[in-house]
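The values are calculated or read from the model by the stated rules, or taken from the named source; none is laboratory data. Note that the coordinates shown come from a computational prediction; the quantities given were computed from them, not determined experimentally. Here Cβ is always computed from backbone atoms with ideal geometry, including for glycine, and neighbour counts include all displayed protein chains. These area figures cover heavy atoms from the full protein model, side chains too; ligands, DNA and RNA do not enter into them. Shrake-Rupley method; radii C 1.70, N 1.55, O 1.52, S 1.80 Å.
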Amino acid sequence: MEAIFRGENILEFIKAFPDDNKCREVIANEKWKNGYKCKRCLNTKFIQFEKHFTRECTKCRYKESATCGTLFHKVKFGIQKAFCIVFEMSCTTKGLSSTQTAKRYGITQKTSWMFMQKVKLAMKSSENHPMKGNVQVDEFVVGGKETGKQGRSFDSKKSKVACAIELTDDGKIKRGYANVINDFSAKSIKPLFDTHIDREAKIKTDKWTAYKIIAKDYNIVQEKSIPGKNFKEMHVVIQQIKSALRTIQTHVRKEHLQKYLDEYFYRLNRSIYKETIFDNLFKRLVSHKHYGWNQIVVIK
Ligand SMILES: [Zn+2]
């Protein structure tokens, strides 16, 4: 399938999607690209209405709008504005705050926050591409006063994160993933390995004891961490994440932190595919099932 848009030029973007109707049309094309099937009776014949690109089943008369069942469902502030927010979120390098977005599009902060949370949901890793090459793993804390790892104390109230990055052959940051974890135990850190790191990867960690346990299943070399000497790329990523979180808001609630991490790595992992990043994100929003307010607020 052709990309619905390429590049990062906002003027060309507005030309490509000049109004809500055009946006609904591309959603309908994407949603039914493999053919239409009535949700109620599975009939494949339909009548298409001009309004909202709604399709009506010729048999049972069930009507379905283009946005129904996608993350664009129930967007009441205008589908074109929603497209623009998705575009900006896909192009930004530092992350957008919901307050800033609300001002730019003349919507309330609550509305922009809600929609942006949905976009972040669509940025979650597919978990289909485990990292294979040179990988580094480390953990860090977010929120409150930063005073190092505090001996990785288990009673800290701060949010804890385990982070893995893959480096290119010449040592540059290639991609990465991170998980919010309950504590710094092997049990809490290991799911990051199992989901995102190949068993064959060459992994480097510091001397933390949890990695000794995980090393039974993975190819891990443990090296004493010396500030400014090693794990430099990892520290760059950690600093960027912390700085992005500071730009967005002073405090990200723990249950939403995973989505912010997913957003950071979604963009980092696609930094060499900037041309089609909007297209990729748009398709994810269309294929992702609809989430309402309650689901967004309670999901982890
Ligand atoms: Zn039907």
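Mind counting the residues in region 1-31 that are touching a Phe, Trp or Tyr at 6+ places or on another chain (Cβ under 9 Å), closer than 30 Å to CYS57 by Cβ and part of a loop (DSSP other than H, G, I, E, B)?
Final tally of qualifying residues: 2.
Kindly indicate which of LYS202, LYS212, LYS229 is open to solvent by 80 Å² or more (accessible area, probe 1.4 Å), at pLDDT below 95 and more than 21 Å from the chain's Cα centre (by Cα).
On inspection, the qualifying residue turns out to be LYS229.
One line per residue, one yes/no per condition, for (1) at pLDDT 90 or above; (2) farther than 30 Å from GLY292 by Cβ; (3) among the hydrophobic types (A, V, I, L, M, F, W, C); (4) outside the structural domain of GLU255 (by TED's automatic domain parsing):
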site	(1), (2), (3), (4)
PHE115	yes, no, yes, yes
ASN128	yes, no, no, yes
GLU139	yes, yes, no, no
GLU146	no, yes, no, no
LYS149	no, yes, no, no
PHE154	no, yes, yes, no
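When you scan region 22-45, do you find a residue that is among the small types (Gly, Ala, Ser), assigned by TED's automatic domain parsing to the domain that holds VAL286 and touching a residue at least 24 places away in the same chain (Cβ under 8 Å), even just one?
The answer is yes, given that some residue of region 22-45 is among the small types (Gly, Ala, Ser), assigned by TED's automatic domain parsing to the domain that holds VAL286 and touching a residue at least 24 places away in the same chain (Cβ under 8 Å).
Based on what the data block shows, is THR247 among the hydroxyl-bearing types (Ser, Thr, Tyr), at negative phi and open to solvent by 60 Å² or more (accessible area, probe 1.4 Å)?
Answer is yes for this residue.
Quick one: what pairs do we get from region 47-61, first residue touching a residue at least 24 places away in the same chain (Cβ under 8 Å), second open to solvent by less than 50 Å² (accessible area, probe 1.4 Å) and near the ligand (Cβ under 9 Å from one of its atoms), C-beta under 9 Å, 6+ apart or different chains?
ARG55/CYS38
May I ask you to say which residue of HIS290, HIS256 is surrounded by 14 or more Cβ atoms within 10 Å (Cβ to Cβ) and touching a His at 6+ places or on another chain (Cβ under 8 Å)?
Answer to the selection: HIS290.
Return the total of residues in region 20-72 being touching a Gly at 6+ places or on another chain (Cβ under 9 Å) and more than 9 Å from the ligand (Cβ to nearest atom).
4
Could you list, ordered by first residue, the pairs with Cβ atoms under 6 Å in which the first is in region 5-16 and open to solvent by less than 70 Å² (accessible area, probe 1.4 Å) and the second is in a helix (DSSP H, G or I) and of a type outside the set (Asp, Glu), at least 6 apart or interchain?
Hits for this filter: PHE5/ALA16; PHE5/PHE278; PHE13/PHE87.
Residues that are small (Gly, Ala, Ser), surrounded by 13 or more Cβ atoms within 10 Å (Cβ to Cβ), more than 22 Å from the chain's Cα centre (by Cα) and not in a helix (DSSP H, G or I): does region 87-99 have at least one?
no
Could you please find all residues in region 29-49 being open to solvent by 80 Å² or more (accessible area, probe 1.4 Å) and of a type in the set (Val, Ile, Thr)?
Hit for region 29-49 is THR44, nothing else.
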